[in-house]
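Data first, discussion second: the structure below is written as structure tokens.
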Amino acid sequence: MKDQLLFSSDESTTDHPDDYSNSSRSIAPNDNDSDNNNYYWWRWAAEFDHVKKMQMKLDHERLIFPGGGRASSHFTAAARMRVVRELERLALVSTHQEGVNELRHKLLMYRSGDFWMPTGGLAKENMDIPPVATILLVGFSASGKSSLVNLMYSVLGRSGLVPFAQTSPPPGSFSNNPKSTSMILKEHNVLRSLRSGFCVYDSRGFDYNRIGEGLQELSSWMSDGIHHNQVCLRPGDDVEESVLTNLPDMDVISKFARRKVNCAMVVANMAEIYKAFQAGDSKPMDATKQLFCSVNNAFTNIYNDESTILILTHGDMLTTEERIEGRLKICECLGVSETSGVYDIVTCLSEYGFLAEESDPVSAYALSEAVYMALLLSDRTHSPKKTLGDWAVLILSSIMCFLASIFGLLAQICLTLGRHSKDV
């Protein structure tokens, strides 16, 4: 397992792009693997020839510009090579059955706080660790959040093709209509285990044209926490009375535990974003950037750390070249690494009647690793427990604020009575 992980995108591909010529022999497409091209999509001859041509162009430019000219071309080729190496790493590990099984076992054994590392001289007993770690899925409508939840059930919970989350209709069948999409937050135990140490929340999709409302709602989720069956109504919603009557009863909702968001996965429809961007429409790209930055800033402000995973979906609707270029453009726009914390996953496998581990083991392993990475990040967001001194200061502050409000009210009453007596 360690030898497999050595083939990582963290290798020095940036400084030595010539290494691609050596590594290409091990990742070149095999004629006997034609059936595997669907999930080894980056191995198609056209893409490899394209990267090799870019490498030859780089070598030619180095002869003409020995001082490092044409830096942008060098960056593009190096970034493409890093993406290919990262995809090969996932493919290499996924070909061994113990790859997914090992991660599944670790997730089954996981308890909230297991991945916490001692920092700042504080022991684990002094940290405020929730009983269940919470992963929140956010994204725009039809980005694949619910499909991702179903894939988690299939891969991690071994539920087969049973759908647990309600997915949105195909793109084009509705336009962010509240009557056609889920309007509540749903908590999912994707491991289907009574001892699960984490849960996944599927949220209502945002609207590209109403991003402000979405970010405001997201801010409340991050600061106030979330709970199962929480209603997601927004000011601009045109909801019929029949829809409102079918929403969960508030008395029942209030009994569910409120959970603090420990990590977030931003799910982005790569095909939609890339095609719109190529057509000159930058709204999906800009809106995705606002969403991703808002999530990142929320964690940075609260925990002084970033706890966001980027999931790119619907890449199977693009050509090989478009799929890699779309990943690079989105990561460049978001200002994140194209290989670290970014996963290209085909989420609709179970909906099409395919078991992920058989039809696309690369997506199955990438999904397992994404959840594992989310838990690693979530255990870095725990804050120290409040001491008796902290509670004393909090209570004293509350008392002082209460007294200040009382004195303010008395001052206002005396001022009103004084004016009234003066008039008389």
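The values are calculated or read from the model by the stated rules, or taken from the named source; none is laboratory data. A quick note: this is a predicted structure, and the numbers were derived from the prediction, not measured. Neighbour counts are summed over all protein chains in view; Cβ atoms, including those assigned to glycine, are modelled from backbone coordinates with ideal geometry. We work out accessible area using only protein heavy atoms, side chains counted, and drop any ligands, DNA or RNA first. Shrake-Rupley method; radii C 1.70, N 1.55, O 1.52, S 1.80 Å.
Name the single residue that is modelled with the highest pLDDT among those in segment 271-319 being more than 24 Å from Arg210 (Cα to Cα) and open to solvent by less than 10 Å² (accessible area, probe 1.4 Å). Here the answer is Gly315. Among residues of segment 125-158 being charged (D, E, K, R) and surrounded by fewer than 19 Cβ atoms within 10 Å (Cβ to Cβ), the one that is farthest from the chain's Cα centre (by Cα) is Glu125. Only one entry in Ser182, Ser175, Ser203 is among the polar types (S, T, N, Q), touching a Gly at 6+ places or on another chain (Cβ under 9 Å) and at pLDDT below 90, namely Ser182.
Restricting attention to segment 223-239, and to residues there that are open to solvent by 80 Å² or more (accessible area, probe 1.4 Å) and farther than 30 Å from Asp128 by Cα, which single residue is modelled with the lowest pLDDT? Filtering first and then ranking leaves Asp238.
Among the residues making up segment 187-198, those that are of a type outside the set (Gly, Ala, Ser), surrounded by fewer than 19 Cβ atoms within 10 Å (Cβ to Cβ) and on the phi < 0 side of the Ramachandran plot are Glu187, Asn189, Leu194, Arg195.
Within the option set Glu357, Glu369, being of a type in the set (D, E, K, R), surrounded by 15 or more Cβ atoms within 10 Å (Cβ to Cβ) and in contact with a helix residue (DSSP H, G or I) (Cβ under 6 Å, 6 or more places away or on another chain) holds for one residue only, Glu357. Can Asn262 be described as over 20 Å from Trp41 (Cα atoms) and open to solvent by less than 10 Å² (accessible area, probe 1.4 Å)? Against the criterion (over 20 Å from Trp41 (Cα atoms) and open to solvent by less than 10 Å² (accessible area, probe 1.4 Å)), Asn262 qualifies. Has segment 96-114 got any residue that is at pLDDT 90 or above, β-branched (Val, Ile, Thr) and either under 19 Å from Val342 (Cα atoms) or touching a Phe, Trp or Tyr at 6+ places or on another chain (Cβ under 6 Å) (or both)? Looking through segment 96-114, none of the residues is at pLDDT 90 or above, β-branched (Val, Ile, Thr) and either under 19 Å from Val342 (Cα atoms) or touching a Phe, Trp or Tyr at 6+ places or on another chain (Cβ under 6 Å) (or both). Screening Glu86 with (1) out of contact with any helix residue (DSSP H, G or I) (no Cβ under 8 Å at 6 or more places or on another chain); (2) at pLDDT 85 or above; (3) within 30 Å of Phe354 (Cα to Cα); (4) open to solvent by 10 Å² or more (accessible area, probe 1.4 Å) gives one miss only, at (4).
For segment 372-393, a tally of residues being open to solvent by less than 50 Å² (accessible area, probe 1.4 Å) and touching a residue at least 60 places away in the same chain (Cβ under 8 Å) returns 9. Restrict the check to segment 394-415 and report whether at least one residue is closer than 30 Å to Asn262 by Cβ, among the aromatic types (Phe, Trp, Tyr) and open to solvent by 40 Å² or more (accessible area, probe 1.4 Å). Checked segment 394-415: no residue is closer than 30 Å to Asn262 by Cβ, among the aromatic types (Phe, Trp, Tyr) and open to solvent by 40 Å² or more (accessible area, probe 1.4 Å).
Answer yes if at least one residue in segment 375-382 is outside any helix (DSSP H, G or I) and out of contact with any helix residue (DSSP H, G or I) (no Cβ under 9 Å at 6 or more places or on another chain), and no otherwise. Checked segment 375-382: at least one residue is outside any helix (DSSP H, G or I) and out of contact with any helix residue (DSSP H, G or I) (no Cβ under 9 Å at 6 or more places or on another chain). Residues satisfying the criterion are absent from segment 240-251 (criterion: in contact with a His (Cβ under 7 Å, 6 or more places away or on another chain) and either at pLDDT 90 or above or surrounded by 14 or more Cβ atoms within 10 Å (Cβ to Cβ) (or both)). Can you name the condition, by its number, that Ser146 falls short on among (1) out of contact with any Asp or Glu (no Cβ under 9 Å at 6 or more places or on another chain); (2) at pLDDT 90 or above; (3) on the phi < 0 side of the Ramachandran plot? Result: Ser146 passes all but (1).
Listed by first and then second residue, the pairs linking a residue in segment 313-336 that is free of Cβ contacts under 8 Å to residues at least 40 places away in the same chain and under 23 Å from Ser359 (Cβ atoms) to a residue that is open to solvent by 40 Å² or more (accessible area, probe 1.4 Å) and in a helix (DSSP H, G or I), with Cβ atoms under 9 Å apart and 6 or more places separating them unless they lie on different chains, are Thr319/Ala46. Evaluated against (1) within 15 Å of Ser383 (Cα to Cα); (2) surrounded by 18 or more Cβ atoms within 10 Å (Cβ to Cβ); (3) among the hydrophobic types (A, V, I, L, M, F, W, C), Leu122 falls short on exactly one condition, (2).
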